[in-house]
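The structure appears below as structure tokens.
Every read-out reported here was derived from the displayed coordinates using simple, explicitly stated rules and does not represent laboratory data. Fair warning: this is a prediction, and the values are worked out from it, not measured in the lab. A quick note on method: Cβ atoms are made from the backbone with ideal geometry, for glycine too, and the neighbour counts reach across all protein chains shown.
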Amino acid sequence: MIVKGYIFSILYVLICVAGALLLHKIGVPKKYTRKFVHIFVGFEWVILNHFFGPSVHFTIVCILFTILLAADYKMKLVPAMSSDGDNAPGTVYYAVAMTVLSIVSLFEPRIMLPFGIAVFCTSFGDGLAGVLGQAIKKHNPKVYGSKSIVGTLTNFFVCFFVPFAFGYFYDYPIELWHCLIIAIFAAEIELFVSKGLDNIVITLSVALLAFSLVFYPVINSGLLAVMLTPVIIALAYSKKALTLGGIVLAVIMDIIITVSLGNFGFCVLITFFAGSVIVDKIKKHGKKTKQKEIEPIEKRGDCRDVVQVFANGGVAMIAAIAYLINGEMIFVFAFCASLAEAFADTAASGLGFFAKRTYDVFRLKKCEGGLSGGMSLLGTFSSLAASAIVSLVVLLFGVVDAAGFAIIFVSGFLGSVFDSMLGSLLQVKYRCTVCKSIVEREVHCGAKTEKYRGLSFISNDTVNFFSTFFAASLSVVIFVLI
């Protein structure tokens, strides 16, 4: 059994390298041949675990491959695996991380399955993120540094599926919300850590997280928020997603919601925040390609201030405080529905920008894309999807059942429709004196605009606040009735 383990493990790696060499030979770029090895070598863990389990033989094989990969990195022995970029030592770091975890398994055998989860998150998650992130160019703006939206989302979904698959095939007692936390954590590490170091950081940290979530439930109380909040703040500040005041209020909300609802509340909040940032970046990228010379019609810019943060998250924060005080489930529904509406509205306006036809259904007339009150087929489907995503996160945590999922989903979507109604009938609009466009800004084309219709004291932020309040209230009413 031991001899077979050495033979099969070495043979499999040689097959992976041979496959990369063949691809390189037929003209596949080196950046993809490297990722080929990176992805498929993850199955090496399956072979080693099957033949060796937590043993010194597992460690010996890992040390052997670390030495060989380090030699290849230094001397460029295998062209299909070498790189001229900064990520060259990534495969070496990967082998080092596996060696460390194999040693840990000698003292704590229960780490083996979390070890496997981490290996597959690194090999498939990080590997496929690199392949798709580089291959897809259209509508794929950068999120942070060289990391793209497609790559980040790929890493997230793969890292969600990996622990789920381990739970199924190895009967590992991991829950769906554990998979969600691992996916969020791995995606953020891959986003911020560069120069190949993500291979070692993701492998070690995901293994520790997967182990702790199952065997040390105390981590469920809110440690995830403590670990990730500084990273999120850094991302928001570097990408100018929030002003300084917006960041301060967002942190206060984060603390209140995490204290009130734990990791569940934090993950729902971060789903809304991350989703909104991605939608804003897609919209901003679209403006550059679709409307290079056209000044935006909406008042809100890409950087949200303190008023905009409260308008979107204030109701959720109040609902979290109410739940902390009396523990009534209706406030959990109010919290979730308000954030489902906030994300649904953001997705509808952000992705609906790309729609060819936009209508003000409440005034029965065609309107400019991006104008509050306008609705499009693409925007409506985006709103449905966004509300469903937030509702699904709640369902994955086991906080609600299928009926609860439906309540939050419907309330979030109808809240976004209510937002469009207020935006159409009550929100103040202006007419540009230069280009004659209907806008939401008091200054457009460098000139002061004139009031066109609506109530002066009802801005887009006012509409957003009342729409989240409507969604929260609707969810409470449906919950009480059902």
Would you list I202, I111, I67 from fewest to most Cβ contacts within 10 Å? I67, I111, I202
In whole angstrom, note down how far apart the Cα centers of segment 20-60 and segment 123-141 are. 19
Cα-Cα over 24 Å, subset of K356/K448; K35/K137; K137/K281: K356/K448
Amide H partners (placed H, <5 Å) of L242, local residues excluded: R304
Express the C-alpha Rg of segment 2-221 as a ratio against the empirical globular expectation 2.2 N^0.38 Å, rounded to two decimals. 0.98
How do Y452, Y323, Y12 line up, fewest other C-beta atoms within 10 Å first? Y452, Y12, Y323
Charge dipole (the chain, unit charges on Cβ, about Cα centre) - positive-most of H38, G379, F164: G379
Of the listed peptides 54-63, 20-29, what is their order by residue-averaged count of other C-beta atoms within 10 Å, with the highest listed first? 54-63, 20-29
Most exposed to least, judged by fewest other Cβ atoms within 10 Å, R431, R34 sort to R431, R34
Report, in debye and to the nearest 20, how large the dipole of the chain comes out about its Cα centre when Lys and Arg carry +1 and Asp and Glu carry -1 on their Cβ. 2000
Residue-count net charge about F124 - beta-carbon cut-off 14 Å; Lys, Arg +1, Asp, Glu -1: -3
Which of the peptides 332-340, 306-314 is most tightly packed, and how do the rest follow, going by the mean number of other Cβ atoms within 10 Å of each residue? 332-340, 306-314
Counting Lys +1, Arg +1, Asp -1, Glu -1, what net charge surrounds L21 among other residues with beta carbon under 13 Å of its beta carbon? +2
Please state, as a whole number in µm²/s, the translational diffusion coefficient that the Stokes-Einstein equation yields for the chain at 25 °C and 0.890 mPa s, with Rh defined as the Kirkwood radius across alpha carbon pairs. 101
